[in-house]
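The values are calculated or read from the model by the stated rules, or taken from the named source; none is laboratory data. Please read all numbers here as calculations on a predicted model, not as lab measurements. Note: ideal-geometry Cβ built from the backbone for every residue, glycine included; neighbour counts use all protein chains shown.
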Amino acid sequence: MKKQTILTLAIAAIGIAAISWWVGQESYTWFPPQASAESILIDRLFSVLVTIGSFVFLGVVGALIYAVLFQQAGKYESGDGPPIEGNIPLEIVWTAIPFVLVMGIAFYSYKIYDQMEIRGPMEHDHSAAMVMSGSGDEIEVIAKQWAWEFRYPAQKVTSTELHLPVNQRAHLILKAQDVIHGFYIPAFRLKQDMIPGQAGNFEFTPILAGKYRLRDSQYSGTYFAAMQANVVVEPAADYQNWLRRSAATTPAIAHNTAFAEYNQKSTRAGWKTIVPAAPPIVNYSNPND
Amino acid sequence: MTNISIPEIDIDTNRSHEPEDWRRFFGFSTDHKVIGIQYIVTAFFFFLVGGVFAMIIRGELLTPESDLVDRTVYNAMFTMHGTVMLFLWTFPVLAGLANYLVPLMIGARDMAFPRLNAIAFWMIPIFGIVLIGSFLVPGGPAQSGWWSYPPVSLQNPSGNLINGQFLWLLAIVLSGISSILGAINIVTTIFRMRAPGMTWFRMPVFVWAVLSAQIIQLFGLPALTAGAVLLLCDLVAGTSFYDPAKGGDPVLFQHFFWFYSHPAVYVIILPVFGIFSELFPVYARKPLFGYKVVAVSSLIITGLSAVVWVHHMFASGTPGWMRMLFMFTTMLISVPTGIKVFAWVGTIWGGKLRLDTPMLFAMGGLVMFVFSGITGIMLAAVPVDIHVNNTYFVVGHFHYVIYGATVMGIYAALYHWFPKMTGRMYNEGLGKLHFALTFLGTNLNFFPMHPLGLQGMPRRVASYDPEFAFWNVIASLGGFLLGMSTLPFLVNIVGSWVQGKKVSANPWRAIGLEWLIASPPPHENFEELPIVVAEPYGYGMNEPLVSNADKL
Ligand code: HEM
Ligand SMILES: [Cu+2]
């Protein structure tokens, strides 16, 4: 009897472990594309957490479902269950298990965080990035209610679309002009609050060419949801090309969703709002934003 | 264990003049049972108000464009939804349950300070009116979210001195004062008013949990209230504590806010843990597994809850060492929580389960809680949180806790103690329907928020990219279902209160002081104070709980 119980439990545990492993692998598909070096690390950590979490969840829910199915009192049964008040060894084990588990998760997260921090251009790109780093390749990111503007001071380019060369460490300087905004690119899995009055440095490495979304992630007032921009990651040559072409273009007023919406709805039914900043005047803007 | 109970600090007053019929619920009663029910009914009214706001939010999010209401209206909706749900529903309804149950469970005739109790309650409708009244001022209600982070909260487009944000802050300060008064009262009651023989380790876990939660209010609320008062000064008196344009520090407010508002989530969940711990033994017919460990782990949570707040600020320009430090403390706090989950499973396992409505809600709440605990650990892991912070993933996490575990736990408690409060039984069929709708609606509404957050949909948006439409439509349908789910509850409670079947003192065959006296209990609860001779939860042990049962 006892042996059979252990066997049943072991089979159940293996089954749950197998399902959990599968869910953990599936978790990679729940994200946007892995477009930065950091995203690979974060997705791996998340997958481990999903695997462990699924095991715990299925274990608890499995036990509860079993009890509901097989341990209900009969309709006219009025007796009590066995008066078990506790089990000291079991309780100690059950304190140790979560403790070891969460400390393990914390250490692993710490390791991943450490890797994200140190993964600079030196480690995986020995050419262009080294030459450029610290030599005026910083991009200024300006956030204001409710517009993004990107400045490339060395090349004298301004834009409402963030262009970045692939496989090179990006150096950004984040500046909020009025309220706190959040710099968030889901495909990079990275975000950083931008505090007015405190310029912040931000670094990461895009690794996949493509077009992604940049969103304001810290609630910034009326048109918060409309404060988005495109991020274009492209091969170094295309990037340089874009910079040259943009520098040669005369600055023009860009389209800005918040500003346009504010001015077009003269009969707005809502309450009075902070007036959106004037649309940025930039060398480059994509008309289809 | 020494017996340190002090029988009675007898109190006042004009009790004998109070009406005994239904009218007492509408006046300044000092009976803790009346006040408890006043809290619960008032809170439920505001739950419906907050629910209407939620329906508007989900209506707007049915489509990607901002098309149902103006953006300012949408922003006011989520601000008021969060504020009403926390400060006018969750806190008051839990205060109501504590008010009703704690004196009964520890064998007291009332709370330590009955008049203070009534004052703390009556502040709730007052600040409720202040808050809802902000719809009428020019510029409308506050639109800066329930966090009210400056500088957004300091921007005042209407230019009026009396604006929505001003009334919001006033309401929060009043709410804080009310809760501090309530906390002083409950803590004193538990320390001083226990019946003879009611030693610490004979107290029901609900009482332990309420004690732990109210201690948090005592150390945490002063921080929030101070933070709110400084913000009020910035807003109306032109000071510059938080305004970066004038040399202030907006992040300072975030520390004030979260130093309270993280522990506040434990003020919410601890009593719900207490409810789980009371109900599982009754409906599994077994003693609570590991009673002492469960009792003490609440106090450990109280201690740890004071040192984790920065996990809400991982992306707020927080330095690396601080991120790591608060990641470790946050991980630690889930250990006592995990112990409790194990204890509940251990209680249910091998019992003789009765799946009455309270048990269904409690078990459903437990499942949802486990899910949200797991997403909580994910959020505590800094690298993951950097991605999902301020996205719908966080909104999913806390709605699983606050709707899934807390609201379900509160429903469980309301059904379980309804016969005690009213002397009548609710309708079981409607109760089960209510459970089914709630469980389905909660999962449909809040599960989709997790994939949305992982995909990068920020919270607090009135419009979103079309790629997010699929999960949002499901969430909205779930939300509307959840709105409907309150109807069978209302019908059931109102109908059964008026004409439900009359019940005996103890319809659930539960063990506890409150079940030894009539339903509803008489004015001063106990004829003679109970003399407690056993630990709680003696299911299957055939031992008496008190030595004077027939004299109560
Ligand atoms: C295993 C235990 C838990 C852990 C590790 C945990 C962790 C976290 C973390 C790290 C956040 C911040 C996420 C972010 O903003 O980026 C968070 C948010 C939140 N949690 Fe939990 N949590 C746990 C349980 C609870 C419980 C029991 C409640 C009770 C009601 C709760 C309520 C909330 C709320 C309300 C928020 C969001 C507040 C807001 O941003 O508006 N959590 N949780
Ligand atoms: Cu927290």
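The listed residues are B:F361, B:F342, B:F393, and the only one of them that is buried (at least 21 other Cβ atoms within 10 Å of the Cβ), in a helix (DSSP H, G or I), hydrophobic (A, V, I, L, M, F, W, C) and within 10 Å of ligand 1 (Cβ to nearest atom) turns out to be B:F393. Screening segment B:146-157 for residues that are in contact (Cβ under 8 Å) with a residue 24 or more places away in the chain and part of a loop (DSSP other than H, G, I, E, B) and picking the one that is nearest to the other protein chains (Cβ to nearest Cβ) gives B:P151. Taking the criterion of being over 14 Å from B:L490 (Cβ atoms) and buried (at least 20 other Cβ atoms within 10 Å of the Cβ), the residues of segment B:25-42 that qualify are B:S29, B:T30, B:D31, B:H32, B:K33, B:V34, B:I35, B:G36, B:I37, B:Q38, B:Y39, B:T42. Do we find a residue being within 41 Å of the chain's Cα centre (by Cα) and either assigned to a helix (DSSP H, G or I) or under 22 Å from B:D356 (Cβ atoms) (or both) anywhere in segment A:68-85? Yes, the conditions are met somewhere in segment A:68-85.
Residue selection: B:S305 satisfies the criterion of being at pLDDT below 95 and either within 25 Å of B:I511 (Cβ to Cβ) or of a type in the set (S, T, Y) (or both). Please work out if B:F276 is within 19 Å of the chain's Cα centre (by Cα), within 15 Å of ligand 1 (Cβ to nearest atom), crowded, with 19+ Cβ neighbours inside 10 Å and more than 9 Å from chain A (Cβ to nearest Cβ). Yes, satisfied.
Residues that are farther than 29 Å from A:G197 by Cα, facing chain A (nearest Cβ under 7 Å) and touching a Gly at 6+ places or on another chain (Cβ under 6 Å) do not occur anywhere in segment B:319-335. Taken across segment B:135-142, residues that are part of a helix (DSSP H, G or I) and at pLDDT 95 or above do not occur at all.
Within segment B:280-293, none of the residues are more than 9 Å from chain A (Cβ to nearest Cβ), within 12 Å of ligand 1 (Cβ to nearest atom) and at pLDDT 95 or above.
Whether a residue is near ligand 1 (Cβ under 8 Å from one of its atoms), at the interface with chain A (Cβ under 10 Å from one of its Cβ atoms) and in contact (Cβ under 8 Å) with a residue 40 or more places away in the chain was assessed, and B:I377 passes this test. Residue count for segment A:168-191 satisfying the condition of being assigned to a loop (DSSP other than H, G, I, E, B) and buried (at least 21 other Cβ atoms within 10 Å of the Cβ): 5.
Keeping to segment B:158-195, report how many residues are surrounded by fewer than 18 Cβ atoms within 10 Å (Cβ to Cβ) and in a loop (DSSP other than H, G, I, E, B). Matching residues across segment B:158-195 total 5.
If we scan segment B:265-273, do we find a residue that is more than 16 Å from ligand 1 (Cβ to nearest atom), crowded, with 22+ Cβ neighbours inside 10 Å and touching a residue at least 24 places away in the same chain (Cβ under 8 Å)? For segment B:265-273, residues more than 16 Å from ligand 1 (Cβ to nearest atom), crowded, with 22+ Cβ neighbours inside 10 Å and touching a residue at least 24 places away in the same chain (Cβ under 8 Å): absent.
Of everything in segment B:303-315 that is assigned to a loop (DSSP other than H, G, I, E, B) and within 10 Å of ligand 1 (Cβ to nearest atom), the residue that is nearest to the other protein chains (Cβ to nearest Cβ) is B:A315.
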